[in-house]
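Accompanying notes for the structure given below.
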Amino acid sequence: MTVLDREPSEAVKPVARRVLPPPVTGQELVLVAVIAVLWVLLGIFTPSFLSPSSIQPLLVSVAPIALIGVGMTFIIITAGIDVSVGGAIALCAVVTAKLLVNYAVPLPVAVAASMALGLVLGLVNGTLIAYGRVHAIIITFGTANIFQFFALRVFGSSTVNNIPATLDVFGRGDVGRTFGVPHSFAITILVVLLAWWYLRHTAGGRHLFAIGGNANAARLAGVKVQPRVLLAYAITGTLVGLGACFLIAAGTSTLDQGVGIGRELAVIAAVVIGGTSILGGRGSVIGTLLGAILVQTVTSGVTQLGWPSQLANLFVGLFIIIAVGTDLLRERARRRKA
Amino acid sequence: MSTTTAAKPAKPVETRSLGSRALEALLTQRIVLLAVLIVVLLIVMTILDSAGALSGSYNSDYLAASLINAVPLAMLGLAQLLVILSGRGGIDLSVGSMVSVTGIAFGMAYGLWGWNLVTAMLFAVVLGGILGGINGALVAYVGFPPLIATLATFYAYRSVALVWSDQKPVNSAGIQAFYSAAKAIELPVIGASLPLIPLGIFTFLIPVVIVVWILLNKTTFGRRVYAAGTNDTAAVWAGINVRPNRLLVYVLSGVISGLVGIVTVAQFASARPDAGTSGNGMALPAITIAVLGGVAITGGIGRVAGVVLATVLIVWLNAGILLAFPGNDGVQVQLLALGLVLVFASLLNGLTRRKYGGI
Amino acid sequence: MPYAADAVATVPRVSLSGIVKSYGGVRAIRNADISVAPGTVHALVGENGAGKSTLIKILAGAEHADAGSVQFNGETVSIASTTDAIALGVQTVYQEPQLFPELSVAENVFVGRELKKGARVDWAAQADAMHGLLDTVGLPDSVSTEAVGTLSIAQQQQVSIAKALAGDASVLILDEPSAILTDSEIDVLFSVIRRLTATGVAVIYISHRLDELFRIADVVTVMRDGETITTMPIGELSVREIAELMVGGVLTESRSDATGAQGEVVLELDRLSLENHFQNISLIVLAGEIVGLYGLIGSGAGEIASAVYGMKKPTGGSIRIKGEVIQLKRPAQARKLGIHLLPANRSAQGSFSFQSIAFNVTVGELQLLSRLRGWVEQRRDRSIAQEFIRRLAVKTPSEKQPISAMSGGNAQKVVLARQLVNRPELLVLVEPTQGVDVGAKEEIHRIVDGLASEGTAVLVVTSDLGEVQRMSDRILVVRSGEIVSEFTPDATQVEILAAAAGERHQEDLS
């Protein structure tokens, strides 16, 4: 009976039937708008901000933070956290730099080695957290120190000097760009899109949200919680490996001991500004990318305006408070209505 | 007590061997464990010393002198104790930045503006309280997760310190003179027979330890903090107004940071804008000390004595490491030791919880 | 094909027979038989502790029966785990929805068993499947992509049912589904249930609200003291008859010293209302009087207690203490006025688990711990705790023991002691003996009797019929947020239960 009622055209063409929530959230659109407004303002007040020679380095410095931020987003969606990425970056970077200096390894080997090392470090964190049943922040505080120790041992002296130009393909120079787009940023965009697709369209990705929302209910629903959590840390570790290569390339031929210091907080800041909830269950890698761009825009903008460069961090702090604060107040209003 | 319990043989607890009870005490009483570890450390180091494996002498003078490092560490560990105890994911990542800001404030007031010492110190401490109050308001009244609120203010306050000081240390003759305050002194009367103990221990650390201990153990405020940290909902049902108490622990964390700010000015003989944030900063070691001292990250569990003993353990361990691994190596091995101790402590917490229930 | 339909109907979808289950020597189920036909709604009723939930857990695979057998479509099966039960098509919808608030409705329904096309989730196929499911549970198609957290409680329950159906439910257990719903929402729920039974699903429906059973159930099984007493078509019974079967021939024990106390008025509620919870509640409690507020789960009785204690802000009416109108923002203010409350949920609202007994006793009256404001004297802390350990006969070697190490009854005494440290003007007790053994229950009742005889006004909010009768001087029955009847303690349990469970026109009994 019902079949007859239906217009044939309707059956053939399900016009704009929504089977998914919208692909971009309101917070992401707000971030895009804020970034756009800042870029326009900076373009007006500083003559050079919108020139390629200013935007390209900005994107190069966005790349490692956003790339590692993708992994951090995965972790925070599961209601975890990883404060050891600073130490892990230092270790991956120094090992890669030493391979380049002492053994002149080719590009693929350097990148593969760095990523493999990062994967191992991620597995260490992930195993302790998923199977050792200890609090993620505490364990990664601990491993941060341990990674830092190994990094300093490998450094030997305070810097690694005369690093060959092998990784410059990810760097700031002309070799690092195709059609004006920095390679490291292009790769980051690719990873973000891949991660976006994974989180949105695969069962494994959706399970990360389920785990962060209610780990016990997820377990009852048949979600393999522990392997999924381990995977999130392993992915982060691997991306740390690649991000370390980007950082080497973005710098000079000298790598400093302090390469990782404070990076974990920069990454977490980008993730949080991007709208991922630290309590788990909600988040977006596109938001993280935008968060990283916003932070770097402010950093670069403050310098170009001739303001004290350290003022940038004040804005980063304020952005975190505004981003999370509006979210909290919106949530509170929603609960009051319900 | 032992006679009355012996009269009740039905209790399974009493029939267990001394060994298993000692093991349980070691695992469940963090203070016992820390005390044992300190003794083991001292014995091992003394043996290494007498075997000539150390670059210097690991004696009482050296241990006493090394305690200067305990001053900021233990004070900030106590600040973390307060906020972590209060529950709801309590943590304060901004302590290092608050140390920097208040240090600059003190340096400016005392060194440049010519305020007298007491007023300048008061200024730093009150400023610390205000900065902590911003954290507390965000956490207790707006509902920020503490990790996020203090991450934001970590950035903001750090920036304030650097911009305010124009990224240069604040220095003056007055501050140079204040440096002497941090030097070691001989205790009056009994001092002659004891090693020289750094003055900061008496002027800053011990008063803070006593005040925090009193607050937590002897005041109703302390009871309310433990109650809110143990079970926030039950605290409300028990008639406790939770939010002002939670605000206050963050204010106290700021006040202690203000004191540490003054201490660092004394130690460095100048007010450095990155005093609390250079390198790994001061927050991480402080949180490590708190966790090692038996503070449960979920709130409601933790004692002043645990934090103090954990500080002593780490400071003396670090001091020993510097003798065993001279030069730069020692600093690096300290990192490894801190990391391993933290991982070990938290795994132990998990194990204890599963084996003995609760903690 | 009427013949085939009849033939199917004669084989029960699921039947449990001779079920026995003990927990450490305590018999939860002595002997239970229940047989549920496909396409019917089978109501399971009984007082708290009659064994309903244990029986359901056994069927859902969450518990293991000591003896007895389970047959599914005529074949004997063994249900060793929840996985086994789910494989057989037994799905349970609990009161608390097990959902993911940030995920969409469709994802919640399919989490853990996503429909896939290659590596990716086949959203279109899930949406197609959702179409039918949402239609069955009475939700519009458009909610499919909404986050569950944005839906109402009633809608979330519908999602839970859809989730159960997506797992090919052949037996659907609904545990008190109506307790959290409004009347119009219940209508929606019932139409959902009717659609399900039309497709042959067997529904087991647990509820305390007897009146609604007559609108939805085909058959009713009554449990009492761990036994299934009877199973009958519901049309052959009345609310009162079901209530009689539930209560049985229990000797009604009422307060021996019910004096009809004549103290001053301590608490007076005048047309107190809280939107969506209760309306126009008017009552008084005299000094020395114990007033019982009896209501089933979801009746709103618990919220009345919360409002009196300042946990919830009323939207209308007034509260007077000793004649003065009070407006409370938080419990701290209530306690200052001498209103103390023993909360219903001991682990979530009452106890500070790893803290000592002394801590738990004195935490509500910290100002008593020293003459100095804000100061704590360990000596007073200990002596207060020791005094109450003695007075309330708490079994413990010392006041230093953590409360988490104690039995339910002893822990409850500790939380009760907290309310007595400073003697209250008005003591509100909410489910004071839930999860408490019989001995401790008796002792708690005696303690409260003693308090009342010393002049404390007591308001007991409970869903335990025996308790309300045993404790109260007067019994007020709350149903759907209103006081519907008042009884003296010599009323029969059947009368009280019938009033609470929805028998109309019984007000004249009071």
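The values are calculated or read from the model by the stated rules, or taken from the named source; none is laboratory data. These numbers come from a predicted model, not from an experiment. Don't worry about glycine lacking a Cβ; one is built from the backbone with ideal geometry, like all the others, and counts go over all protein chains shown. The area values use the complete protein model at the heavy-atom level, side chains included, leaving out ligands, DNA and RNA. Shrake-Rupley method; radii C 1.70, N 1.55, O 1.52, S 1.80 Å.
For the protein assembly as shown, the dipole from Cβ point charges (+1 on Lys and Arg, -1 on Asp and Glu) about the Cα centre works out to 3220 debye, to the nearest 20.
Chain C and chain A together bury an accessible surface of about 2000 square angstrom, both sides counted, with a 1.4 Å probe and no ligands or nucleic acids included. Positive contributions from Lys and Arg (+1) and negative ones from Asp and Glu (-1), summed over other residues with Cβ under 10 Å from the Cβ of C:Gly288, come out at -4.
Over segment C:302-399, the hull volume per residue, using the convex hull of the C-alpha atoms, is 136 Å³.
The orientation-averaged projected area of the convex hull spanned by the Cα atoms of chain C comes to 27.3 nm².
Sorted largest first, the spans of the alpha carbon positions of chain B along the three principal axes are 72, 60, 40 Å. With all protein chains in place and a 1.4 Å probe, the accessible surface of segment C:385-427 carries 44 percent carbon and sulfur. Close amide H pairs (under 5 Å, H built 1.01 Å from N) link C:Leu293 with C:Val460, C:Val461, C:Thr462, C:Leu476, residues at least 5 positions away or on another chain. Across peptide B:293-303, the average count of Cβ atoms from other chains found within 10 Å of a residue's Cβ is 1. Taken per residue, the accessible surface of segment C:255-395 reaches 46 Å², heavy atoms only and a 1.4 Å probe. Interface residues of segment C:373-391, defined as those with an accessible-area decrease of at least 20 Å² between the chain by itself and the complete set of protein chains (probe 1.4 Å), are C:Gly374, C:Trp375, C:Val376, C:Gln378.
With the highest mean first, a sort of the peptides C:436-444, C:473-481 on other beta-carbon atoms found within 10 angstrom per residue produces C:473-481, C:436-444. Computed from the alpha carbon positions, the gyration tensor of segment A:140-273 leads to an equivalent ellipsoid with semi-axes of 33, 21, 11 Å, biggest first. Once the mean of 1/r is taken over each pair of separate Cα atoms and inverted, chain A shows a Kirkwood hydrodynamic radius of 21.1 Å. Values of log10 I(q)/I(0) for segment B:295-359 across q = 0.15, 0.17 Å⁻¹ run -0.59, -0.70, by the Debye formula with one identical scatterer at each alpha carbon and no solvent. Once C-alpha pairs closer than 8 Å and six or more residues apart are averaged by separation and normalised to the residue number of segment A:117-242, the relative contact order reads 48 percent.
Comparing B:Ile175, B:Ile104, B:Ile206 in a Gaussian network model of chain B where C-alpha atoms under 10 Å apart are linked, the largest mean-square fluctuation is found at B:Ile206. Measuring spread by the Cα atoms of segment A:240-338 yields a radius of gyration and Dmax of 16.2, 58 Å.
Report D for segment C:276-319 in µm² per second (integer): Stokes-Einstein, Kirkwood Rh on Cα pairs, 20 °C, 1.002 mPa s. The estimated diffusion coefficient comes to 186 µm²/s.
Per residue, the convex hull spanned by the alpha carbons of the protein assembly as shown comes to 222 Å³. Positive end of the dipole of the protein assembly as shown (Cβ unit charges, origin at the Cα centre): among B:Gly258, B:Ala22, C:Gly316, the Cα lying farthest that way belongs to B:Gly258. Expressed as a whole percentage, what fraction of the accessible surface of segment C:26-80 belongs to carbon and sulfur atoms when a 1.4 Å probe is rolled over the protein heavy atoms? Within segment C:26-80, the accessible surface is 43 percent carbon and sulfur. Taken along its three principal axes, the alpha carbon spread of segment C:372-456 comes to 38, 32, 19 Å, from the longest extent down to the shortest. Put the Cα centre of segment C:170-235 next to the Cα centre of segment C:51-116 and the gap is 17 Å. For segment B:45-152, the per residue solvent-accessible surface stands at 31 Å², with DNA, RNA and ligands left out and a 1.4 Å probe. For the pair segment B:219-270 and segment C:474-493, the centres of their Cα atoms are 48 angstrom apart. Remark: accessible area buried at the B-A interface is about 3800 Å², both chains counted, probe radius 1.4 Å.
Rolling a 1.4 angstrom probe over segment A:264-306 with all protein chains present gives an accessible area of which 65% lies on carbon and sulfur atoms.
From most to least packed by mean Cβ count within 10 Å, the peptides A:164-175, A:137-148 give A:137-148, A:164-175. Normalised by the number of residues in chain C, the average gap of Cα pairs under 8 Å and 6 or more apart makes the relative contact order 15 percent. Remark: segment C:166-324 carries a charge dipole of roughly 320 debye about the Cα centre, counting +1 on each Lys and Arg Cβ and -1 on each Asp and Glu Cβ. The simple spin-label model puts a point 7 Å past each Cα toward its Cβ; for C:Arg240 and C:Asp490 those points are separated by 1.9 nm. Convex hull volume of the Cα atoms of segment C:256-340, normalised per residue: 99 Å³. Among C:280-286, B:272-278, sorting by the average number of other beta carbon atoms lying within 10 angstrom of each residue, highest first, gives B:272-278, C:280-286.
In this Cβ point-charge picture (+1 for Lys and Arg, -1 for Asp and Glu), chain B has a dipole of about 1180 debye about its Cα centre. Placing a pseudo-label 7 Å from each Cα along the Cα-to-Cβ vector at C:Arg27 and C:Asp135 gives an inter-label distance of 5.0 nm.
For chain B, relative contact order (Cα pairs under 8 Å, six or more residues apart, normalised by length) works out to 32 percent.
Applying both filters, DSSP loop and at most 14 other Cβ atoms within 10 Å, to the trypsin sites (Lys or Arg not before Pro) of segment C:276-376 gives C:Lys329, C:Arg371, C:Arg373. Residues considered: A:Ala270, A:Ala93, A:Ala116. Largest GNM mean-square fluctuation over chain A, using C-alpha springs under 10 Å, is found at A:Ala116.
Legend: mean number of C-beta atoms from other chains within 10 angstrom of residue C-beta atoms, peptide A:306-313, equals 5. Rounded to the nearest 10 degrees, what's the angle between the helix A:52-77 long axis and the longest principal axis of chain A, both from Cα atoms, 0 to 90? Value to nearest ten degrees: 60. Rg over Rh for segment A:33-164 works out to 1.08, using Cα positions for both radii and the Kirkwood form for Rh. Computed with a 1.4 angstrom probe on protein heavy atoms, the B-C interface buries about 2400 square angstrom of accessible area in total. Ligands, DNA and RNA excluded, the heavy atoms of C:Asp381 present near 10 Å² of accessible surface to a 1.4 Å solvent probe. List the aspartates and glutamates whose alpha-carbon lies under 20 Å from that of C:Lys395, not counting same-chain residues fewer than 8 positions away? Once the sequence-local aspartates and glutamates are set aside, what remains near C:Lys395 is B:Glu14, C:Asp381, C:Glu387, C:Asp437, C:Glu442, C:Glu443. When only alpha carbons are used to place a centre, segment A:233-287 and segment C:416-454 end up 57 Å from one another.
The sum of -39500 (n - 2.57) across all DSSP H runs of n ≥ 4, divided by the residue count of the protein assembly as shown, sets its helix-only mean residue ellipticity at 222 nm to -17000 deg cm²/dmol. Among the residues of C:348-361, the average count of other protein chain beta-carbon atoms within 10 Å of the residue beta-carbon is 4. When the inverse distances between all different Cα atoms of segment C:1-136 are averaged and flipped, the Kirkwood radius reads 17.6 angstrom. Interface residues of segment C:106-127, defined as those with an accessible-area decrease of at least 10 Å² between the chain by itself and the complete set of protein chains (probe 1.4 Å), are C:Glu107, C:Val111, C:Gly112, C:Glu114, C:Lys116, C:Ala119, C:Arg120, C:Val121, C:Trp123, C:Ala124, C:Ala127. For segment C:449-493, the equivalent ellipsoid built from the Cα gyration tensor has semi-axes of 20, 12, 10 Å, listed from largest to smallest. The residue list A:Leu199, A:Leu67, A:Ile261 was ranked by how far each Cα lies along the charge dipole of chain A toward its positive end, using unit charges on Cβ atoms, and A:Leu199 comes out on top.
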